[in-house]
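A short worksheet on the structure shown next.
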């Protein structure tokens, strides 16, 4: 994984000014470190060797105070910039992500992906906080401070400078070397940890089942055994993994110790003065510190970069092509040889379907679950682009039409309509937000939803029964004037009484429009002019009633 | 927090080892700075090199020791942490085992289980990242402040004050600032997350009705408000880092100012001035991580609170100290039984039910009528609040719960399939079953043909919660497992819930076929196929309102007939 993914700069512009600000702050921090060391070395020397008192030291103390305040302000400013930057970057990534998902459309967004994306867009990108507030500024400091420190040391003491300059590169070299060998082990250990947590979760969630079979108590021992095995395995990995930090710490502390001893010995022999010696002593650890901290904050970076990586992988998905024509012609809908394959399934969901739908007719699609009925509706809606074959409307390929324009001619009632928090009326108005209240009311009346029109709905439609939700969705259809109506099992989840009412509503909805409906129940099939039976993605029989 | 430490107490030796090496590592770092400062100051007086030998050896030793001690500390700390985690998990599990399922509504929602597990892990984090570093910092901070105080009292006092500011003051300030920022951003976060869920889950409806762009714009507007709110609080949140830098610098500055006065006054030997001035750098290096650690404390404490409040619930079922032996007679009888879930009102009132061997009874009623409570009482997941349940004439309260459940089995719609093979899932029903018996059970559940068609057969992994199986296959696999256990009495609680109608009808038919001749209670709100059972008990509002055969019940006006009419 790269320490700074260039895509982050491309997709989240806020990263750019943050990086610039971090560099500026890094430079000033480096300058302050050098100034502080110089002042301290001078102050101590003056007091110790020249017997300076507080009065003589006033200038040094004032300057040192200013440097101290400066470092505090720089540290604060760095955090401030980090928080602002990461908030901005998260917003930019989230917006791009969701915008792109909408572009990719419902056909791309399957159930599991939806859950993962929700997590990614909300909590997932929060992992970038650590990356921006700790890792990135440290990386900047590590690439600035050592050079400036060395630059200050060159005129003071060449020998110490060379010692530091030679040992310093060992840190990144060893980091890379040890990192390579331990990375695989770490990943294995992490996988095991995930498996362990998963096992514990599986067992806890399955407690009622385990108790039924008298196997619950015995699992305590299994948990203990698995956890212990994991502990031993992980400790074996850690003994090696921690060696890397051991080596890094050894390099930096031993180097500091060696420099201190060497400087001390030259000082005894009079080949060096105290001021220089102290300067070297204070600055030497400062050269190693930022590099060491980069290693410490590495895990903060991986998590954030992994989240960013996930976002980028979505952003790099190619959205389906969009047609440009906005004039949707009237006329029959002709499906010829339409085939749809889902990536995770071996058999095609639709397999060479030929079907013609004449304006004004009511076509019912019947067949066992999984035979491709809902997929056929998705194709008509433009959610799913056929892998082969075409859908022609009034002589024009649907693929050449602008999908939004086409969908203004289609109204759809899904099997599980999704309702949004707000009033029922707001939900009915979904497609036409500026529809006048009476239009909404008459649509609700037609769909038998008028008696709960002002009910407030919770998140995801909470507070309404399945039947009520279906009637809200039906009201959306009534409010729309689209000539093509697609209904996916409009009477599923309904008891006998509501079913009869909804059937009556569907009959009224169908008047003067073309209707394609997916149906199981005989009562619904009776509404159709024509029943098309499907099996395993093929049309097996078309019956005119 | 104390409870966590008490839980960890058997691992005290390992934790103490981690603390010891932590102190040694930090001590070496401070020693390295202090002795090199002394060495250089002393060297400036040009003494014979011999006088410096001890200091030179000490500097080199500290230089090597620091890394080595740190290495041991980290190993010991992680080892202890894993030990605590194992212990915590086992203890939590043993407690949950007693509580499940009646006192654990948390089990009904998968994500809550995930949170519980994450909460347990958070407890571990507290120990390794907060408690241990604080103990090490307290010890080393006190020792260094004492040492500097001995050289120059004022410097010791300033260092102690600076350390307290970093270890206690900064976390307190950060906590207050973060809470204030949170009050501003938390509602926006919630709004944003709800809008995201809406957008993604409702995407088909939104796109179909051309409303996706509008939603997206509203969401972006919320997101922007969140960004601005976060930016406004950034100044306060970043204060901590500045204060740590300020405390470090102030101690160094005070060391020089106070030291200069003391050297002039003759109360401090000039040779140790550098020690007084430079040592704070090393000390603050070891404590600068504390504010970040302390920030985790609040979240971790909330997590711990949730874990303990769950574990502290009273047992839903009383286990007898000396359980009576399990009777050989498997006649199960409910006499005037009322029951309630922990903390709730009675939801089952005065129910009588007799299950003689071989008898099949259906319990029907609208949802919320107390049917599942009845199932919980029958398998002794709940004790009756009034009346009694007897097995072979013995009150089940005198029997061990696990013993009762060797006789009475339960199959629910949410029976868990574990993330392992078909074979291992089946063997939960009977550990010793050979393939022949597994296949027989699969055949009874009408699943054998499918299993045989799989390339890996019985060794096929079922996925998390059986996600690689269809809804119907999951139920049939759970049924095969229950059949394998050969419970003398089997309770089927809504076995076809959440299945589509065709699948549900087929499964019901197979269930009725396979339970013929076995003592069975079929709890359902669907009425398909009930003509086959010996007795139908109609429950409504927690009471038995009707009972008898299908034909008798249809003949009279009542709940059952109304349910039938609605269904057909």
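The values are calculated or read from the model by the stated rules, or taken from the named source; none is laboratory data. Not measured: the values here are computed from a predicted model. When we count neighbours, we look across all protein chains shown, and the Cβ atoms used for this are built from the backbone with ideal geometry, even at glycine.
Looking at A:263, A:256, which is the one that is within 10 Å of chain B (Cβ to nearest Cβ) and farther than 16 Å from residue B:278 by Cα?
Just one listed residue meets the conditions, A:263.
Against the condition closer than 30 Å to residue A:410 by Cα, within 12 Å of another protein chain (Cβ to nearest Cβ), in contact with a helix residue (DSSP H, G or I) (Cβ under 9 Å, 6 or more places away or on another chain) and surrounded by 21 or more Cβ atoms within 10 Å (Cβ to Cβ), how does residue B:197 come out, does it pass?
When the stated conditions are applied, residue B:197 does not pass them.
Of all residues in the stretch B:492-520 being part of a strand (DSSP E or B) and within 14 Å of chain A (Cβ to nearest Cβ), which is surrounded by the most Cβ atoms within 10 Å (Cβ to Cβ)?
Ranking the candidates gives B:492 first.
Where residues in the stretch B:285-294 are within 12 Å of chain A (Cβ to nearest Cβ) and in a helix (DSSP H, G or I), which of them is nearest to the chain's Cα centre (by Cα)?
Among residues in the stretch B:285-294 that are within 12 Å of chain A (Cβ to nearest Cβ) and in a helix (DSSP H, G or I), the one nearest to the chain's Cα centre (by Cα) is B:292.
Scan the stretch A:289-300 and tell me whether some residue there is touching a residue at least 60 places away in the same chain (Cβ under 8 Å) and over 30 Å from residue A:141 (Cα atoms).
Looking through the stretch A:289-300, none of the residues is touching a residue at least 60 places away in the same chain (Cβ under 8 Å) and over 30 Å from residue A:141 (Cα atoms).
Output the residues belonging to the stretch B:222-238 that are facing chain A (nearest Cβ under 7 Å), surrounded by fewer than 20 Cβ atoms within 10 Å (Cβ to Cβ) and farther than 14 Å from residue B:179 by Cα.
Once the filter is applied, which keeps residues that are facing chain A (nearest Cβ under 7 Å), surrounded by fewer than 20 Cβ atoms within 10 Å (Cβ to Cβ) and farther than 14 Å from residue B:179 by Cα, the stretch B:222-238 yields B:224, B:231.
Being modelled with pLDDT of 85 or more and assigned by TED's automatic domain parsing to the domain that holds residue A:430 narrows it down to one of A:486, A:494, A:524, A:464, so name that one.
On inspection, the qualifying residue turns out to be A:486.
Where residues in the stretch B:456-490 are in contact with a strand residue (DSSP E or B) (Cβ under 7 Å, 6 or more places away or on another chain) and within 20 Å of residue B:405 (Cβ to Cβ), which of them is nearest to the other protein chains (Cβ to nearest Cβ)?
Among them, the one singled out is B:485.
Go through (1) more than 21 Å from residue A:381 (Cα to Cα); (2) surrounded by fewer than 20 Cβ atoms within 10 Å (Cβ to Cβ); (3) touching a strand residue (DSSP E or B) at 6+ places or on another chain (Cβ under 7 Å) one by one and return the number of the condition residue A:451 breaks.
(3)
Do any helices (runs of 4 or more DSSP H) entirely within the stretch B:342-442 hold 1 or more residues that are in contact with a helix residue (DSSP H, G or I) (Cβ under 8 Å, 6 or more places away or on another chain), and if so, which?
Where helices (runs of 4 or more DSSP H) fall fully within the stretch B:342-442 and carry at least 1 residues being in contact with a helix residue (DSSP H, G or I) (Cβ under 8 Å, 6 or more places away or on another chain), they are B:401-407, B:422-427.
Could you say whether any residue in the stretch A:336-351 is over 30 Å from residue B:499 (Cβ atoms), at pLDDT 90 or above and in contact with a strand residue (DSSP E or B) (Cβ under 8 Å, 6 or more places away or on another chain)?
Yes; the residues of the stretch A:336-351 include at least one that is over 30 Å from residue B:499 (Cβ atoms), at pLDDT 90 or above and in contact with a strand residue (DSSP E or B) (Cβ under 8 Å, 6 or more places away or on another chain).
Pairs please, first residue from the stretch A:62-80 and in contact (Cβ under 8 Å) with a residue 40 or more places away in the chain and in the same structural domain as residue A:34 (by TED's automatic domain parsing), second anywhere and surrounded by 21 or more Cβ atoms within 10 Å (Cβ to Cβ) and not in a helix (DSSP H, G or I), Cβ atoms under 6 Å, 6+ apart in sequence or on different chains.
Partner pairs satisfying both residue conditions: A:79/B:238.
For the stretch B:260-277, give me each residue that is facing chain A (nearest Cβ under 7 Å) and touching a residue at least 40 places away in the same chain (Cβ under 8 Å).
Across the stretch B:260-277, the qualifying residues are B:270, B:273, B:274, B:277.
Quick test for you: out of A:35, A:88, pick the one residue that is assigned to a helix (DSSP H, G or I) and more than 10 Å from chain B (Cβ to nearest Cβ).
Being assigned to a helix (DSSP H, G or I) and more than 10 Å from chain B (Cβ to nearest Cβ) holds for just one of A:35, A:88, which is A:35.
Given the structure, is residue A:125 under 24 Å from residue B:240 (Cα atoms), touching a helix residue (DSSP H, G or I) at 6+ places or on another chain (Cβ under 7 Å), at pLDDT 90 or above and part of a helix (DSSP H, G or I)?
In short, no.
When you go through (1) surrounded by fewer than 23 Cβ atoms within 10 Å (Cβ to Cβ); (2) within 19 Å of residue A:255 (Cα to Cα) one by one for residue B:79, which number turns out not to apply?
Of (1) surrounded by fewer than 23 Cβ atoms within 10 Å (Cβ to Cβ); (2) within 19 Å of residue A:255 (Cα to Cα), only one is false for residue B:79: (2).
Any chance the stretch A:310-331 includes a residue that's part of a helix (DSSP H, G or I) and within 11 Å of chain B (Cβ to nearest Cβ)?
The answer is no; no qualifying residue exists.
With (1) in a loop (DSSP other than H, G, I, E, B); (2) under 29 Å from residue B:327 (Cα atoms); (3) modelled with pLDDT under 90 as the list, and residue B:487 as the residue in question, which single condition is left unmet?
(3)
Yes or no, residue by residue, for (1) under 37 Å from the mean Cα position of the chain (by Cα); (2) farther than 25 Å from residue A:537 by Cα:
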residue	(1), (2)
A:284	no, yes
A:298	yes, yes
A:303	yes, yes
A:311	yes, yes
A:317	yes, yes
A:321	yes, no
A:327	no, yes
A:338	yes, no
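Is it the case that residue B:395 is crowded, with 16+ Cβ neighbours inside 10 Å and more than 33 Å from the chain's Cα centre (by Cα)?
Judged against the criteria, residue B:395 is not a match.
Give the residue, chosen from A:102, A:166, A:162, that is touching a helix residue (DSSP H, G or I) at 6+ places or on another chain (Cβ under 6 Å) and either away from chain B (no Cβ under 14 Å) or at pLDDT 90 or above (or both).
A:102
What are the residues in the stretch B:385-438 that are away from chain A (no Cβ under 14 Å) and without any contact (Cβ under 8 Å) to a residue 12 or more places away in the chain, if any?
Answer for the stretch B:385-438, where residues must be away from chain A (no Cβ under 14 Å) and without any contact (Cβ under 8 Å) to a residue 12 or more places away in the chain: B:395, B:434, B:436.
With (1) under 21 Å from residue A:202 (Cβ atoms); (2) in a loop (DSSP other than H, G, I, E, B) as the list, and residue B:480 as the residue in question, which single condition is left unmet?
Result: residue B:480 passes all but (2).
I'd like the full set of residues that are within 30 Å of residue B:44 (Cβ to Cβ), buried (at least 18 other Cβ atoms within 10 Å of the Cβ) and more than 7 Å from chain B (Cβ to nearest Cβ), limited to the stretch A:53-85.
Scanning the stretch A:53-85 gives A:60, A:67, A:70.
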